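Everything below concerns the one structure shown next.
The values are calculated or read from the model by the stated rules, or taken from the named source; none is laboratory data. Not measured: the values here are computed from a predicted model. FYI the Cβ positions are ideal-geometry reconstructions off the backbone, even for glycines, and counts take in every protein chain you see.
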Amino acid sequence: MRIVIVGGGTSGWMTAAAFCKTFPDWDITMINGGDAIGVGESTTPHINQYLRYMGITDDVFLPAARATFKSSSRFDGFVQEGEVFHYPNGQSVLQKIKFQEWMLAKAFHPEKLPPFSEVFMPFVAVAETGRLPLNKDILDPYDLAKDRSFHINGAAFSKFLRETFCKNLKVVDSTVKSVATKGRNIEHVVVTGGPYKLGGQKIFGDLFIDCSGQQAVCGGALSKWKPYGSIVTDSALVVKTDYTNRETEMVPYTNAKAMTAGWQWTIPTYDFLSRGYVFSSKFQSEEDARKEFGYDDARLIKFENGRHERAWTGNCVSIGLSFGFIEPLESTSLFNTHHGILALMDLLQEAPLPGQFQRDRFNHNLCEHMDGWLEFVEAHYYYSRRRDTPFWNHVTDGVEYDVSGTHEVIQYIMNGNEPVTHGGTPVLHILAGSGYTTVNKRLTEYFQYPELVTRRKVDEWAYRHQCVLQYAETCPPMSVFLESNFDYT
Ligand SMILES: Cc1cc2nc3c(=O)[nH]c(=O)nc-3n(C[C@H](O)[C@H](O)[C@H](O)COP(=O)(O)OP(=O)(O)OC[C@H]3O[C@@H](n4cnc5c(N)ncnc54)[C@H](O)[C@@H]3O)c2cc1C
């Protein structure tokens, strides 16, 4: 089987490494065309699945990707100025409390109630102090080995994947300038010749993997673009800055701070702080955004929100930005990338010569996945109570969101059910973090249910929360923990 991967960004190298590991006898080529986005990325815990598949352990991954741990995403000012909530990056949720109990407590005994995320995932309370939560009974069932994601330097991670897994990969340092198709299939691509070569070289393949980013040079023309009209951010000013104080600035969360026409991220990688202001050019000019962001040397990146109708057409599979992008909020992009890579590996191991059935399964999977996470990203704006700038007014009140999935979850919980799995929880964190409950206070009082959550229970949660905060004082700053446990030299 001849595989041709077009594009050597993070998606390209993650794909190439997975192919080389899974199919060592296949003929695999990468066309490595130049600069990747490379901002210094935040990830989601699902990256653990990719790392497990590749057999990459923390002691190798953290130094290689110049990575730090991420316990949560922290939203500052999304609800309203000065209010903060977290979206935890973990799997271990305290099972003995029901979500509905917190919601009832919020409705009837809000005084001492700790935040939603800190009741169900107490490690978040430690993260909020800026220190790294370590395994300790008080945080049960937390486990740092799985309840985390990472802040990474994508370029360093790519270099590591190339050196470790891609020894048999043929790398062509060139760019695709044309694509020759036969019916719905790509027959070959033509790459630009080097300085001493006239004309281009043809590269043939059985399966083409388009990892060329937003250019989508192979798959783009094969499938229509479906814009995500509800998302209005379309630009980012990005910059990397040095740490001034590693102990206080290398926090175990991605900070997302609401701004006039969008939000600003701070991502602490091991070597630098990645900062970016994601804004909507419809609501703020680049010049004003630059002034508000405050970094003269910031690089401007424009992006489109949406996805192609199909990720796999004929013999071309799009992975990464070439398939689509929501926006940087909640780091769903690399998540979509490795979700696609692992789905592809599963299918190709099942049927190395795939047909329509595999393509349809893959397309259904990737489209549902991305549209599902779109709904999650939308929730951050949808539940916001800000109305103080034209941007926030628009995203809270001027967009027709289709969040039917979210409302199904809410209704299900209002009927007294817990989410069947914790699959239903992402949006609950945003809902509760934004100050809403799933409780109808009037009906609950009418049926005399308030006593379902007693004041005593809230006192118990508040006491535990206090103990967690005391424990937090004994936790190390993340920089100290990483330096003493991993070899970053
Ligand atoms: C502002 C911003 C912030 C982001 N923040 C995050 C984040 O925090 N977390 C996260 O998960 N994701 C984030 N993303 C997305 C993330 O950057 C991408 O998912 C990730 O970098 C993978 O991108 P990629 O490899 O698909 O595309 P790219 O990085 O764009 O790489 C594409 C590669 O293809 C090459 N190429 C293009 N055309 C050709 C051609 N004709 N021939 C050969 N090669 C070609 C390019 O030179 C490049 O090397 C962010 C994106 C943006 C825009």
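Give the residue, chosen from 12, 7, 40, 55, that is modelled with pLDDT under 95 and small (Gly, Ala, Ser). After ruling out the rest, the residue left standing is 40. Among the candidates 33, 38, the residue that is under 30 Å from residue 205 (Cα atoms), more than 24 Å from the chain's Cα centre (by Cα), within 16 Å of the ligand (Cβ to nearest atom) and in a loop (DSSP other than H, G, I, E, B) is uniquely 33.
The helices (runs of 4 or more DSSP H) located wholly in the stretch 76-145 that include 1 or more residues which are in contact with a strand residue (DSSP E or B) (Cβ under 9 Å, 6 or more places away or on another chain) occupy 116-120, 123-128. Give me a count of the residues in the stretch 309-323 that are on the phi < 0 side of the Ramachandran plot and crowded, with 24+ Cβ neighbours inside 10 Å. So the count comes out to 9. Applying the criterion of being away from the ligand (no atom under 14 Å from the Cβ) and touching a Gly at 6+ places or on another chain (Cβ under 9 Å) to the residues of the stretch 144-181, the residue that is farthest from residue 55 (Cα to Cα) is 181.
Filtered by the rule that a residue be in contact with an Asp or Glu (Cβ under 8 Å, 6 or more places away or on another chain), assigned to a strand (DSSP E or B) and not β-branched (Val, Ile, Thr), the stretch 254-273 gives 255, 256, 257, 258, 259, 268, 273. Apart from one condition, residue 275 fits all of (1) in contact with a strand residue (DSSP E or B) (Cβ under 6 Å, 6 or more places away or on another chain); (2) surrounded by fewer than 23 Cβ atoms within 10 Å (Cβ to Cβ); (3) in contact (Cβ under 8 Å) with a residue 40 or more places away in the chain; the exception is (3). Taken as a whole, the stretch 336-345 holds at least one residue that is under 30 Å from residue 258 (Cα atoms), near the ligand (Cβ under 8 Å from one of its atoms) and crowded, with 23+ Cβ neighbours inside 10 Å.
Those residues that are under 24 Å from the mean Cα position of the chain (by Cα) and farther than 21 Å from residue 391 by Cα, I need them from the stretch 72-98; list them, please. Within the stretch 72-98, 72, 73, 86, 87, 88, 89, 90, 91, 92, 93, 94 meet the criteria.
Against the definition (farther than 20 Å from residue 377 by Cα, part of a helix (DSSP H, G or I), away from the ligand (no atom under 16 Å from the Cβ) and of a type outside the set (A, V, I, L, M)), how does residue 296 come out, yes or no? So residue 296 fails the test.
The condition of being under 17 Å from the mean Cα position of the chain (by Cα) and away from the ligand (no atom under 15 Å from the Cβ) holds for only one of 309, 368, 350, that being 368.
The set of residues from the stretch 200-235 being part of a helix (DSSP H, G or I) and either in contact with a helix residue (DSSP H, G or I) (Cβ under 9 Å, 6 or more places away or on another chain) or not small (Gly, Ala, Ser) (or both) comprises 213, 214, 215, 220, 222. For the stretch 326-333, state whether one or more residues are part of a strand (DSSP E or B), among the hydroxyl-bearing types (Ser, Thr, Tyr), closer than 22 Å to residue 42 by Cα and within 16 Å of the ligand (Cβ to nearest atom). No, the stretch 326-333 contains no residue that is part of a strand (DSSP E or B), among the hydroxyl-bearing types (Ser, Thr, Tyr), closer than 22 Å to residue 42 by Cα and within 16 Å of the ligand (Cβ to nearest atom).
Mind counting the residues in the stretch 312-325 that are of a type outside the set (Val, Ile, Thr) and more than 11 Å from the ligand (Cβ to nearest atom)? Residues that pass the stated criteria total 4. Checked against the criterion of being away from the ligand (no atom under 14 Å from the Cβ), in contact (Cβ under 8 Å) with a residue 60 or more places away in the chain and of a type in the set (Val, Ile, Thr), the candidates 22, 44, 57, 10 yield just one match: 22. Looking across the stretch 204-257 at every residue that is within 12 Å of the ligand (Cβ to nearest atom) and charged (D, E, K, R), the one that is farthest from residue 73 (Cα to Cα) is identified as 210.
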